């Protein structure tokens, strides 16, 4: 039979200075995690209210909805609002955009794509001229950093905007 130990016989080493430092570190960790969660919900690390942007003027005939903050290789989209003239409308994208993304799909489908020296052109035939048409470009950013884009409606307005691509 083992002798009974009393509470006063136990040896417990305490290091209050270390424990306070550990508690402080834990609280800082919780604060950092809460800030990251809030930034994510707000849209600073992807889609969300602080990320949603509009470039261009609806009265000009071309304006773009996009997210300011994107993630590398994450599916995303640009929504182009176009007021076309008669016949074929040609939408040009800057070379920088085309080089840094992988276009998955364009809706509606353009007639073809034309590669130029500084840009890529996509001709579209819209059924209702003079009314706003919507073109959605589904893509995945391939490079981390700034993604500078210029979208031009040939013979019409041009819209420039920048996106930040996170890893």
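Restricting attention to segment 35-70, the residues that are on the phi > 0 side of the Ramachandran plot and assigned to a strand (DSSP E or B) total 1. Does residue 102 count as free of Cβ contacts under 8 Å to residues at least 60 places away in the same chain, exposed (fewer than 13 other Cβ atoms within 10 Å of the Cβ), within 27 Å of residue 51 (Cα to Cα) and assigned by TED's automatic domain parsing to the domain that holds residue 67? Yes; evaluated as a whole, the condition is true for this residue. With respect to the stated conditions, residue 60 fails to be surrounded by 15 or more Cβ atoms within 10 Å (Cβ to Cβ) and over 22 Å from the mean Cα position of the chain (by Cα). In the condition set (1) touching a helix residue (DSSP H, G or I) at 6+ places or on another chain (Cβ under 6 Å); (2) modelled with pLDDT of 90 or more, residue 118 is compliant with all but (2).
The values are calculated or read from the model by the stated rules, or taken from the named source; none is laboratory data. What you see is a predicted model, and the numbers here were worked out from it, not measured in a lab. No Cβ is skipped: glycine too gets one built from the backbone with ideal geometry, and neighbour counts run over all protein chains shown.
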